[in-house]
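Enquirer: Have a look at this one before I ask anything.
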Amino acid sequence: MCDSARCVSQVLSPLDELDSFENAPHRLATLSRSAAYDDPVLLVHRFDPRELVRPASPPRPFSFIVHTPPMGCESLEWRITLSCSVCDGDAPTQWRPKRHLLLRGPSASAINQNEGETQGTTSTAAAEGSPLPPAVVSGPYLQAVGPTSALVVWRTSTPDEGRVTASTQRHSGLLTFHQASPPDAASLDVIVALTGLHPHTTYAYRMWGTAGELLPGQEFQFTTLWGPSDSQTAPVPDTAAQPPPSPSALASLPVRLLLLGDVGTGTGSTIVPAVLSAAASFAAKTLTAPSALVLLGDQGYEHGADSAYTLNLFQPLQSLLATTPMFPVPGNRDGLRSAILRHGQETGPYFTRFFAPREGESGGLASHSGVYYAVDVGALHLIVLDSVFSDRSAGGAMANWLRADLAALNGTQWLVAVWHHPPYSKGGTDSDFDRTAIEMRETFLPLLEAAGVDVIVSGHAHNYERSVLIDGAYGSSDEFGDGNVVDAGLGAPPDVPYVKPPGLVAHKGCVAVVAGSAGDINYKNYGMMHPTHLRLAGGAGRPALLKMHGLLEAGSFFIDVDPENSTLTGTFVTANGDVGDRFAIVKRAGAQEATRAQLASVSASSRGQLQRAQSLVPVATGAWSESLWLVILLAIAVQFVWSLFLAKRRKGAKVEPPVDEPV
């Protein structure tokens, strides 16, 4: 007899490679062979249950089990497990996949379900030969959103032609947008371009296919972006009762970016839901939804396969991605199944699932690249760089584009740059020995700092690290010195914020952040003790207390810009909902060069003593460490006062000498 439970467990056991497709059923053999890039999770692009039940080869029959994901809707991505119904003794049949398969659809009603599982059954519709209607497998999600345009993207179970209807208070009627070109017969991705939109305007939209509305009753909303040029020009005339925002109103709007690093760890992760929930709570408490979402790389563990993006990103983040413009950063895992070929051809799952604003739709100069580009959000200019696919040399296309984009800036008050590999880290990676991190630090940091960059954010390391205000640190950690410190303070209460002159001024300091813990936490015994993270702590009086800033916590990172107060605030929100770290940069006229000179002067010997001490004694890090240090200082103070009291008491007491000894 066949032990079906044992067979299924063997099928699902995670192995490194797939069996050959030679004995696979016909439809499984015709899956996306574009996926020489897919990892050991197969993508079934077309499916008819009749073809799965009786394959032409192998001759032995087998059954299948349909696992229903707990999504509570009919637009599902089925997980298919092939198991044997005939065994040679106790061994499973010869043909089986080494991992479960993903079936694109059908809907829940198309399969007879028995407590979420069906073995060897087919639907009535399939048995009668009726085609199954397209179902939404993933999405919708927003790409290349700018002031006047956006892309709405989703994936269906079968090829379909899509359209989007949108409405806004500034239009009395319904706007309809169709797919730009007829769908590819083999493509399951629907991409609809929304054009002629207004800056910073909220649109409600619905998705439609050839058979009608795809998600009946579900309406999504998003708000277009706006940039410096939008606040300097007259508003576009509109016949509706409510006109677009005025230039002065646009210029004063606050900006919020939500940044998630290495978030694509999987649907089974308990970290991702906690991080997303904490981020949503923080946004609700502060009454500000994110203007844009930035993904810092590694969106699809383990190998950047098409199916990994569906399961590990688009499904867990579905509600966020449907309402928030998303801008991706390529990570090293995203590059395992995708590539840019010699002649610039972009191929693989990363480039079929993510659509960068390569023509400057979201701001800045057109990069004509799917991996590096610019985005304007109010007075903030975001630079997205690629540390995975592109040439990282000073004469490469990415560096040349960056120079041109920075030179063309006009009206920008804040400059933020993001890429995957952190320039400074002693957490989940060591930036002294990571060749990619070294090249990004040596080639691109000088260009950005010459342009007045304020904040740099990276992922890759699954922890949180944050520098003080620094400049010119392009070498290894051993080469970092006092001359690279612009301000060694906390940058937040009880200390004062970092101060820079208005606008973008070269070499006035930037804060480098590592925020790669949205999906996992770990570090590799580097101690999270990079010297750029050295800081003075303790408030305005500044006691001589040195600390390293690192936090082994899962969480998300927010960047907020308040134009009215010329302030940028960075906040790390832990998965528990706590504020693990916060700093602020204020730009005001008359900022003196030597305001922080004495405070920033920390000798190399002091750094060495601190690092040696920390190598022997674990150092409390994160938000709770402030309280720990206060407790320690308070205990010392109490002990000191008690010693003075005892000494005074002994001095005032009369002590009689012993009678048998001379005085």
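The values are calculated or read from the model by the stated rules, or taken from the named source; none is laboratory data. Please read all numbers here as calculations on a predicted model, not as lab measurements. Backbone-built Cβ (ideal geometry, glycine too); neighbour counts: all protein chains shown. Ligands, DNA and RNA are excluded from the accessible area calculation, which covers all protein heavy atoms including side chains. Shrake-Rupley method; radii C 1.70, N 1.55, O 1.52, S 1.80 Å.
Enquirer: Test each condition in (1) part of a loop (DSSP other than H, G, I, E, B); (2) surrounded by fewer than 17 Cβ atoms within 10 Å (Cβ to Cβ) for residue 148 and report the one that comes out false.
Expert: (2)
Enquirer: Turning to a different aspect of this structure: Considering 204, 211, 180, which residue is surrounded by fewer than 19 Cβ atoms within 10 Å (Cβ to Cβ) and without any contact (Cβ under 8 Å) to a residue 24 or more places away in the chain?
Expert: Among 204, 211, 180, only 180 is surrounded by fewer than 19 Cβ atoms within 10 Å (Cβ to Cβ) and without any contact (Cβ under 8 Å) to a residue 24 or more places away in the chain.
Enquirer: Now for a different question. Read through the list (1) within 19 Å of residue 151 (Cβ to Cβ); (2) part of a helix (DSSP H, G or I), then give the number of the only condition that residue 357 fails.
Expert: (2)
Enquirer: Check residue 503 against each of (1) more than 27 Å from residue 553 (Cα to Cα); (2) open to solvent by less than 20 Å² (accessible area, probe 1.4 Å); (3) in contact with a helix residue (DSSP H, G or I) (Cβ under 8 Å, 6 or more places away or on another chain) and name the one condition it does not meet.
Expert: Single failed check for residue 503: (3).
Enquirer: Here's something else I'd like to know. Hey, any hits in the range 224-244 for a residue that's in contact with a strand residue (DSSP E or B) (Cβ under 6 Å, 6 or more places away or on another chain), modelled with pLDDT under 95 and among the β-branched types (Val, Ile, Thr)?
Expert: The answer is no, given that none of the residues of the range 224-244 is in contact with a strand residue (DSSP E or B) (Cβ under 6 Å, 6 or more places away or on another chain), modelled with pLDDT under 95 and among the β-branched types (Val, Ile, Thr).
Enquirer: A further question on this structure: Take the residues of the range 302-318 that are among the hydroxyl-bearing types (Ser, Thr, Tyr) and touching a Leu at 6+ places or on another chain (Cβ under 9 Å): which is nearest to residue 155 (Cα to Cα)?
Expert: 310
Enquirer: Which residues, counting only those in the range 431-454, are of a type outside the set (S, T, N, Q), open to solvent by less than 10 Å² (accessible area, probe 1.4 Å) and out of contact with any Cys (no Cβ under 6 Å at 6 or more places or on another chain)?
Expert: If the condition is that a residue be of a type outside the set (S, T, N, Q), open to solvent by less than 10 Å² (accessible area, probe 1.4 Å) and out of contact with any Cys (no Cβ under 6 Å at 6 or more places or on another chain), then 437, 440, 441, 444, 445, 448, 449, 452 are the ones that fit.
Enquirer: Search the range 360-400 for residues being open to solvent by 40 Å² or more (accessible area, probe 1.4 Å) and outside any loop (DSSP other than H, G, I, E, B), and hand back the single one that is nearest to residue 328 (Cα to Cα).
Expert: The qualifying residue nearest to residue 328 (Cα to Cα) is 397.
Enquirer: Check 311, 258, 287 and return the single one that is among the aliphatic types (A, V, I, L, M) and modelled with pLDDT of 95 or more.
Expert: Of the residues listed, the single one that is among the aliphatic types (A, V, I, L, M) and modelled with pLDDT of 95 or more is 258.
Enquirer: Next question, about the same structure. Can you tell me which residues in the range 455-494 are polar (S, T, N, Q), surrounded by 19 or more Cβ atoms within 10 Å (Cβ to Cβ) and out of contact with any Phe, Trp or Tyr (no Cβ under 8 Å at 6 or more places or on another chain)?
Expert: 484
Enquirer: Please specify each residue of the range 151-171 satisfying the condition of being at pLDDT below 95, buried (at least 24 other Cβ atoms within 10 Å of the Cβ) and touching a Phe, Trp or Tyr at 6+ places or on another chain (Cβ under 7 Å).
Expert: 162
Enquirer: Could I ask something else about it? So is residue 498 open to solvent by 10 Å² or more (accessible area, probe 1.4 Å) and within 26 Å of residue 432 (Cβ to Cβ) or not?
Expert: Here the answer is no, as residue 498 does not meet what is asked.
Enquirer: For the range 202-216, enumerate the residues that are out of contact with any Lys or Arg (no Cβ under 9 Å at 6 or more places or on another chain) and assigned to a strand (DSSP E or B).
Expert: Once the filter is applied, which keeps residues that are out of contact with any Lys or Arg (no Cβ under 9 Å at 6 or more places or on another chain) and assigned to a strand (DSSP E or B), the range 202-216 yields 202, 203, 204, 205, 206, 212.
Enquirer: Tell me which residues, restricted to the range 295-326, are closer than 19 Å to residue 418 by Cα and touching a Pro at 6+ places or on another chain (Cβ under 8 Å).
Expert: 295, 297, 299, 300, 324 - these are the residues of the range 295-326 that are closer than 19 Å to residue 418 by Cα and touching a Pro at 6+ places or on another chain (Cβ under 8 Å).
Enquirer: Next question, about the same structure. Quick check on this structure: which one of 356, 404, 399, 339 is in contact with a helix residue (DSSP H, G or I) (Cβ under 7 Å, 6 or more places away or on another chain) and in contact (Cβ under 8 Å) with a residue 12 or more places away in the chain?
Expert: Criteria check complete, one pass: 399.
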